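What follows is a single structure, written as structure tokens, with notes after it.
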């Protein structure tokens with residue numbers, strides 16, 4: 001506001017000013033009220049912009065509304081939530097018969113959270129969430145986690161009609177290129193069963209290149225290269241991930257917390273393969289409080305890139321890990337550059353007496369940057385209380 005100067009009112013002008021006082025006050029009140037309304041409007045707009053900048057539990061929930069006539073509606077689980085809800089139904093009774101069709105309904109460059117509810121069932125389709133469609137949620141039925149499955153079966157050695165090889169990065173059943181994506185109670189599956197070491201058997205269930213994504217109680221099922229954590233910052237919380245060789249791989253900066261990680265290898269394999277070409281690259285995989293088990297004898301990680309970074313902290317590791325624990329990708333020069341570490345893990349597979357000497361048993365100070373969501377800058381884009389999960393996550397739905 002600008003400064004105001006005091007002025008004297010002389011007798012001869014008092015009458016005129018008195019006559020003008022009432023309309024002036026009325027006009028002043030009008031502008032004040034308009035200003036307050038505008039202020040509230042701007043605050044609302046700013047609040048909306050702020051909401052678009054983070055992921056919360058609300059972005060992973062929908063609630064069943066009352067039946068209106070013969071139609072049952074799904075709505076956001078909170079009255080103040082302006083999110084749009086799109087419902088998939090293979091029988092054609094809702095908004096879309098396919099998941100991709102539901103994604104296609106979202107406008108390009110949208111700035112509003114769109115929740116796609118996917119009822120239990122097996123959806124045989126490849127799905128792409130393009131970079132131009134941020135703020136999308138895939139929501140399954142929390143009461144029947146694992147009952148909503150998106151499934152496909154491309155492998156790297158497959159060929160298109162023109163003879164071009166599919167390649168690893170195009171095998172994903174679901175590809176997410178957009179930012180602020182989140183999912184819950186969904187299984188991403190690639191049904192190819194790969195024999196470790198067999199050429200062209202890479203087959204991803206999910207490929208994620210979008211930034212700031214969250215997966216809660218989501219399953220990733222495959223064998224070789226199950227989860228392509230390609231790029232961006234991601235939070236995997238209470239997820240199930242299984243495979244044989246490099247079944248978590250990519251160049252992402254991701255936190256895997258309280259996840260169930262299962263090797264399905266019969267003989268040998270590897271859990272993670274992280275790619276990091278330069279020491280200053282701000283990427284890596286951090287596994288925190290995870291339960292690691294399954295079959296076969298696998299390594300904790302492989303140095304896909306010269307500066308690969310993989311850290312396991314406070315994990316329970318069953319007897320599925322080779323004594324050496326880590327692999328240099330047949331490049332001894334990487335041994336002095338990689339950042340492979342373990343901290344306060346337990347279980348037979350956590351025994352470090354046979355570990356390669358270039359892996360580290362980290363100290364408390366060394367591991368501190370990897371122990372929470374700050375590792376993925378989640379304090380800037382996640383608004384969660386993982387110690388007290390919102391009870392609204394457990395809604396029941398009809399299919």
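Numbers for the structure displayed
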quantity	calculated
Residue count for the stretch 373-382, restricted to those that are touching a residue at least 40 places away in the same chain (Cβ under 8 Å) and touching a helix residue (DSSP H, G or I) at 6+ places or on another chain (Cβ under 8 Å)	3
Residue check, residue 219 under 26 Å from residue 335 (Cα atoms) and touching a residue at least 24 places away in the same chain (Cβ under 8 Å)	no
Out of 178, 194, sole residue that is farther than 21 Å from residue 58 by Cα, in a loop (DSSP other than H, G, I, E, B), touching a residue at least 24 places away in the same chain (Cβ under 8 Å) and in contact with a strand residue (DSSP E or B) (Cβ under 7 Å, 6 or more places away or on another chain)	194
Residue selected from the stretch 225-245 under the condition surrounded by 21 or more Cβ atoms within 10 Å (Cβ to Cβ) and without any contact (Cβ under 8 Å) to a residue 40 or more places away in the chain, by the criterion farthest from the chain's Cα centre (by Cα)	243
Among the residues listed as 169, 236, 249, the single one being in contact with a strand residue (DSSP E or B) (Cβ under 6 Å, 6 or more places away or on another chain), outside any loop (DSSP other than H, G, I, E, B) and over 26 Å from residue 111 (Cα atoms)	249
Yes/no for residue 368 being at pLDDT 95 or above, surrounded by 13 or more Cβ atoms within 10 Å (Cβ to Cβ) and over 30 Å from residue 266 (Cα atoms)	yes
From the options 102, 147, residue that is under 22 Å from residue 226 (Cα atoms) and in contact with a strand residue (DSSP E or B) (Cβ under 8 Å, 6 or more places away or on another chain)	147
1 or more residues closer than 25 Å to residue 211 by Cα: qualifying strands (runs of 3 or more DSSP E) within the stretch 120-164	127-129, 136-139, 148-152
Strands (runs of 3 or more DSSP E) within the stretch 259-373 that include 1 or more residues more than 28 Å from the chain's Cα centre (by Cα) and at negative phi	260-274, 291-303
Of all residues making up the stretch 374-399, the number that are modelled with pLDDT of 50 or more and assigned to a helix (DSSP H, G or I)	7
Residue count for the stretch 89-119, restricted to those that are closer than 16 Å to residue 139 by Cα, assigned to a helix (DSSP H, G or I) and more than 17 Å from the chain's Cα centre (by Cα)	4
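The values are calculated or read from the model by the stated rules, or taken from the named source; none is laboratory data. Not measured: the values here are computed from a predicted model. Counting neighbours? That spans all protein chains shown, and the Cβs are built from the backbone with ideal geometry, glycine included.
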